[in-house]
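The values are calculated or read from the model by the stated rules, or taken from the named source; none is laboratory data. The shown structure was predicted, so the numbers you read here are calculated from the model rather than taken from an experiment. Heads up, the Cβs are rebuilt from the backbone with ideal geometry, glycines too, and the neighbour counts pull from every protein chain shown. The accessibility values were calculated without ligands, DNA or RNA, using every heavy atom of the protein model including side chains. Shrake-Rupley method; radii C 1.70, N 1.55, O 1.52, S 1.80 Å.
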Amino acid sequence: MCAVQCSTTVAFPASTVDTFTPEETRALTPYFTNTDRPVFALTNLPETVKGALFARYSRSAKSVRRLFLDEFLGQIGVTDPRDAQGERADPGVGAERADKLYARVLNEYGDDSVAQLGGAHLACEGVSNVLTKVLEWGRLMAYLEQSTRYVPYTDTLHGRWRYHVPEELGAGSLRERYTKTMDRTFETYAKWIPSMQEFFERRYPRSPGDSDAVHRAAIRAKALDTLRGMLPAATQSNVGIFGTGQAFEALLLRMRAHPLAEVRTCADQMLAELRKIIPAFLTRIDQPDRGGRWSEYFAAARDGMDHLAATLTAVEPEPRDEVTLTDFDPDGEVKIVAAALYSVSELPDDQLLQIARRLSNDERVAVLRTYAGNRSNRRHRPGRAFERTTYRFDVLTDYGAFRDLQRHRLLTLEWQPLTPRHGYIEPDAIAEAGARDDWTAVMDGSADLYDAIVAAGLKAGAPYAVAMAYRVRFYMEMNAREAMHLIELRTAPQGHPAYRRVCQQMHTLIAEKAGHAAVAAAMRFVDHSQVELERLNSERALERKRSITNH
């Protein structure tokens, strides 16, 4: 007996399905997964055509397969996506019509939503870690980035270590100093990987139940975790992206307004490649009176705020904990209880809120426990009632941990420029393995290079020089449902120690400072293992008491 209803073959009423002649069926078969059922997928079609079909679909009484036959198929030279030799035919099925439709809908009607109907997979390789954060800005996109945990940055490409040299440095002595500092950093990082692995092998001998391969992988991950703080933000990475045409348009408009040449150049390269796949979605980006003005708006707003902030915030930052809960609703837990009752009652929202306020604490806990259900793993997430309240955290932690946390998208996140100003994190294993002198030399060299770049009037490019162990300030604002996902995922024992610590503190602050103990209790898969916490809390943030030029 199935725990849930088992899938069975369903007979659909004939009235719900279009009928096609044998010739039409043959024409449709290469492009649709079936021709006789009301649910089907589109195949072997360019993204632009698939999007245009759906855009046209919304303003027509015809089915999408009938639209395809009547309005798109006639522009194709063959009815099978493979030619006589079995090779793919020209994928231009209805592309001309699709382009014209998008031009009319996007430009004349201003209906941006049609650009959500097609998407593309794009790879950006050899991009700096500064650029990866720009690429991963959008909420409605999907990203995968090369890991500093599982990939050692010891291979050279064309005889060079894998770091970006900013165009802004020019060809003079500053560029030479930059490359020398970067080369020393990567040489030091590569030198310590074998020694750090030996250190962890002694500390964590293989358990009888573990295979050699599993143990070696775990040891290497610990070594790379520990040493990744040496890597500079200029370190090159590979990023895979999937997004809709609308999401790519928004990303490229911002990238074209960015102060760094690397970002603007990457935007031009992305646009060229995307126009080979979804050209109609991206027609406005480089039109001077459309995308051009849009990008100018972004640049002008950023420059204006830079100048204003220089006068309004010219004070020293006050000391703060690594994680600070800066804003929350004291009634947030009560509101979640009311929201949980909403879909199973007939009462208006404000009346449910009154009822929730009258409940005892035990009754509210019981409501949230029942609403969350019997969760057997962290992927079983409660419903949208947990979106009824939000938490805003100000975080000051190392750039490496920020890189992992920044990729969470269903929240609001902003970060400040990366500088050496806030000091750096030094894992205990660095000193215990005998690497402290080299670690300190890398940190000092990174900070000195940052100062030199700023002194040359190139402040926007100075973050490339900063090692990932240095701390960056950012905020994360999220509802309780997203907090549950973030905290449970990022406190798992196999996670990186730095972001584990951040999310463990978030969980504690929700329970204790916000007083939302029932919300925190609903997060059942938060790992607060004491041994791990003791080790994490022993990491030291070494503050550099130094003046940063032009801060």
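Figures for the structure shown
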quantity: Furthest towards positive pole of dipole, Pro38, Leu325, Leu157, structure part the chain, Cβ charges; calculated: Pro38
quantity: Estimated dipole of segment 118-214 in Debye, rounded to 20 [Cβ of Lys and Arg +1, of Asp and Glu -1, Cα centre]; calculated: 260 debye
quantity: Total lysine pairs under 22 Å (Cα atoms) in the chain, excluding pairs fewer than 8 apart on one chain; calculated: 11
quantity: Check: the chain dipole with +1 on Lys, Arg Cβ and -1 on Asp, Glu Cβ, in debye; calculated: 500 debye
quantity: Karplus 3J(HN,Hα) series, Hz, for segment 159-174 with 6.51 cos²θ - 1.76 cosθ + 1.60 (x for Gly, Pro); calculated: x, 10, 4, 8, 9, 8, 9, x, 4, 4, 6, x, 10, x, 5, 5
quantity: Protection-proxy order for peptides 480-490, 312-322, 118-128, each taking the mean of Cβ atoms within 10 Å per residue, highest first; calculated: 480-490, 118-128, 312-322
quantity: Sequence of Phe40, Phe248 from largest to smallest accessible area, 1.4 Å probe; calculated: Phe40, Phe248
quantity: Cα gyration tensor shape for segment 324-443, rounded if a/c is under 1.5, else prolate or oblate; calculated: prolate
quantity: Residue-normalised accessible area of the chain, expressed per residue, 1.4 Å probe, Å²; calculated: 50 Å²
